[in-house]
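What follows is a short report on a single structure.
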Amino acid sequence: MGGFEDDEPPSKRARASSVEPASLLDSFSCLKPAAPLGSTMARPLPSQGKEVMVGSKGVIKRDEFVRIITKALYSLGYEKSGAVLEEESGITLHSPTVNLFRRQVLDGNWDSAVVTLKKVGLLDENIVKSAIFLILEQKFLELLRNDNVMGAIRTLQSEITPLGVNKKRVHELSGCIISSPQHVLLGFSKLGIESSNSRLKLLEELQKVLPPTVMVPERRLENLLEQALTVQREACYFHNSIDGLSLYTDHHCGKDQLPSCTVQVLRAHRDEVWFLQFSNNGKYLASASNDKSAIIWKVDEDGELLLKHTLTGHDKPVMMVAWSPDDCQLLTCGMEEVIRCWDVESGKCLHVYEKSGIGLISCGWFPDGKHILSGLTDHNFCLWDLDGKEVDCWKGQRSSKTSDFAVSNDGKLIISMNRESTIRLFDRETKQERLIEEDNTITSFSLSEDGDFLLVNLISEAIHLWNIRNCPIRVNRYAGHKRSRFVIRSCFGGSEQAFIASGSEDSQVW
Amino acid sequence: MGLLFVELLPRHGDGGGPASAVLKCRRCRVDAASADAILSRDFRGRFGRAYLFDHVVNISLGPNEDRYLMTGLHTVKDIYCSCCQQILGWRYEKAYEESEKYKEGKFILEKARMWKEAR
């Protein structure tokens, strides 16, 4: 207890030592019994010189700590608890002068409030003037609302203008006098009709202008706790949790939050599986295979996958699938062959999209669900309506037998591979084109759900992450997986798509 | 196995200029190199004449091997077609004679394993 003089009576030192954070919690539990004894309870004298600190790191000032707790109690509506804490701790939320000032503002005693404000002991003249301006502005507006135009004019000329601050606002206030009563009412609607509400708002404004040592800011305790939770979540390296954060324990996701064990092996295809995609709602999985078929699997309540439909009809290996935005239809693309559209519920082939003499090599849906897009072996891209009519076509510069593309959620931006190491971002409305230049051949890419990020797989066993919101910027780079001969795809996943997963030629998932 | 990544070489110059020949793997007809990338035609491989290239596509690399070639000791990697895996030639990793160092990082393709695409 170095914070106190040695000559203090022992009883007071003993009293002070019991006020620790844990003791504070105990004090709360017996607030009612303590209340009747409040008037006779001994209180520690304010410490002089060294401040009393709490917490294991010794960086929290005790009086600040108690004050933000008191503020939280009052904000939650616990008036009695707040008052008892102030009395028991001997630490008042605000000084008597500040309390008087607050009461005068709420009562509309503007002139007295200005006088009291000058006694608070503020050193910065600009802060004092800004605060006085806010008070007098409120006085002016309330006088105007009460039709006391002469009083308002006198306030504006004799009290507000001599302050010499916020001249622009002074001009606006002058305009209020000249305006018709209707405009005045419209002006008031911004401040709130009820004067008590507008005065409470004025107090909040004053709290922002005045130093926090004078008036404890609103919701200070909540803000500090929210900062702590945010820091915990951002420090959570494997964060993949959909549960909310809790104040009871520090937040931490272990490595076990990431999938790492095989839980099911799907055995229905007769040859290599080349493409997988879950439906948008996560209820189905589509697989495409070298055996010329695709399969729709259904995810049951236990998370197990059950075969729902085997889609046959392609004459070539199926190299890609695409789910419609409503997950009712599925596109499959045969290798340099045709695109078929299937009904997910019945497993029937609804339509075949083809172009005579030219093979199709990729497929995708437009966000409106009424058009499909495909890459062709002649380097072009085609836009079709659902009936198979070609509605648009544009040239690409393909450099491989696969041809990834993506469409943004609003349907405006089309992203496609362009030459061997370039990705083209084409805006269909503005006809503007942006390019992503890589240092190696691109083998595949995928777009994040929000459309802001692009994950690019390269021939050099690297994966690059690009932010494509404005000018494309490479924000990260990943390595470790194996790729030598095959198309390896990556995707976003996990909570809020904060993770990426990648296939690998060493039979691992990265 | 899986879906092979197959690169395609351009058939026309950027400005619509004269077409350049493309050399393909003789067995599976996958693009291997552009004639524009030939640095020399005066090489011999295992199966006869060979060409030196500075850029090839659709290949897999074997392990490093030290070999005595006609021009001395080199460290090379065999290169295979990434689709059908037949051997196409080799890549020079390191040359130990100063006069041969220009070959490092370059590729030899065997003429007997190549097929030239008709214009």
Q. If you keep only loop residues by DSSP, which chymotrypsin sites (Phe, Trp or Tyr not before Pro) in region A:62-114 have at most 16 other Cβ atoms within 10 Å of their Cβ?
A. A:Tyr78
Q: At 0.36 nm per residue, minus the direct Cα-Cα distance, what do A:Glu172 and A:Thr422 gain on full extension? Give it in nm, one decimal, please.
A: 84.5 nm
Q.
Please compute the modelled spin-label separation between A:Thr430 and A:Thr213, points set 7 Å along Cα→Cβ, answer in nm with one decimal.
A. 5.0
(Q) For the pairs A:Lys119/A:Lys201; A:Lys308/A:Lys355; B:Lys77/B:Lys101; A:Lys316/B:Lys116; A:Lys71/A:Lys208; A:Lys118/A:Lys139, flag any whose C-alpha to C-alpha distance is greater than 25 Å. (A) A:Lys308/A:Lys355; A:Lys316/B:Lys116
Q) If one computes the Cα centroid of region A:339-355 and of region A:72-101, what distance in Å separates the two points? A) 71
Q. Which of rounded, prolate, oblate describes region A:293-388, given a ≥ b ≥ c as roots of the alpha-carbon gyration tensor eigenvalues and a/c under 1.5 marking rounded, otherwise prolate only if a/b is larger than b/c?
A. prolate
Q. How well do other chains shield peptide A:272-279, expressed as the mean number of their Cβ atoms within 10 Å of each residue Cβ?
A. 1
Q. Chains B and A: what accessible area do they bury, summed, in square angstrom to the nearest 100, with a 1.4 Å probe?
A. 1600
Q.
Between region A:127-177 and region A:260-313, how far is it from one alpha carbon centroid to the other, in angstrom?
A. 72
Q.
From the C-alpha coordinates alone, can you work out the Kirkwood hydrodynamic radius of chain B, in Å?
A. 14.8
(Q) Modelling each spin label as a point 7 Å along the Cα-to-Cβ direction, I'd like the B:Ile87/A:Ser346 distance in nm, to one decimal. (A) 5.8
Q: Please list A:Thr310, A:Thr230 in order of solvent-accessible area, largest first, computed with a 1.4 Å probe with all protein chains present.
A: A:Thr310, A:Thr230
Q. Quick one: if the Förster radius is 41 Å, what FRET efficiency do B:Asp36 and A:Asp300 give, using the C-beta to C-beta distance and rounding to 0.05?
A. 0.15
Q) Does region A:87-149 come out rounded, prolate or oblate by the C-alpha gyration tensor, with a ≥ b ≥ c the root eigenvalues, rounded set by a/c under 1.5 and, if not, prolate when a/b is larger than b/c and oblate if not? A) oblate
Q) Okay, which of region A:264-287 sit inside 18 Å, backbone N to the point 7 Å along the Cα-Cβ direction of A:Thr312? A) A:267-273, A:287
Q | region A:255-500: relative contact order in percent, alpha carbon pairs under 8 Å with at least 6 residues between | A | 8
(Q) Between A:Val149 and A:Leu76, how high is the FRET efficiency from 1/(1 + (r/R0)^6) when r is the Cβ-Cβ distance and R₀ = 51 Å? Nearest 0.05. (A) 0.75
Q. Under 5 Å between amide H atoms, partner at least 5 residues away or on a different chain: which partners does A:Lys308 have, H built in plane at 1.01 Å?
A. A:Ile296, A:Trp297, A:Lys298
Q) What is the mean number of Cβ atoms from other protein chains located within 10 Å of the Cβ atom of each residue in peptide A:484-491, rounded to a whole number? A) 4
Q: Be a star and scan region B:25-52 for residues whose amide nitrogen sits under 11 Å from the point 7 Å along the Cα-to-Cβ vector of B:Tyr102.
A: B:39-40
Q. Percent relative contact order of region B:20-117, based on C-alpha pairs within less than 8 angstrom and at least six residues apart?
A. 30
Q) Given the convex hull over the Cα atoms of region A:255-500, what projected area results after averaging over all orientations, in nm²? A) 13.5
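The values are calculated or read from the model by the stated rules, or taken from the named source; none is laboratory data. The structure presented is a predicted model; accordingly, all values stated were derived computationally and were not measured. Backbone-built Cβ (ideal geometry, glycine too); neighbour counts: all protein chains shown. The accessibility values were calculated without ligands, DNA or RNA, using every heavy atom of the protein model including side chains. Shrake-Rupley method; radii C 1.70, N 1.55, O 1.52, S 1.80 Å.
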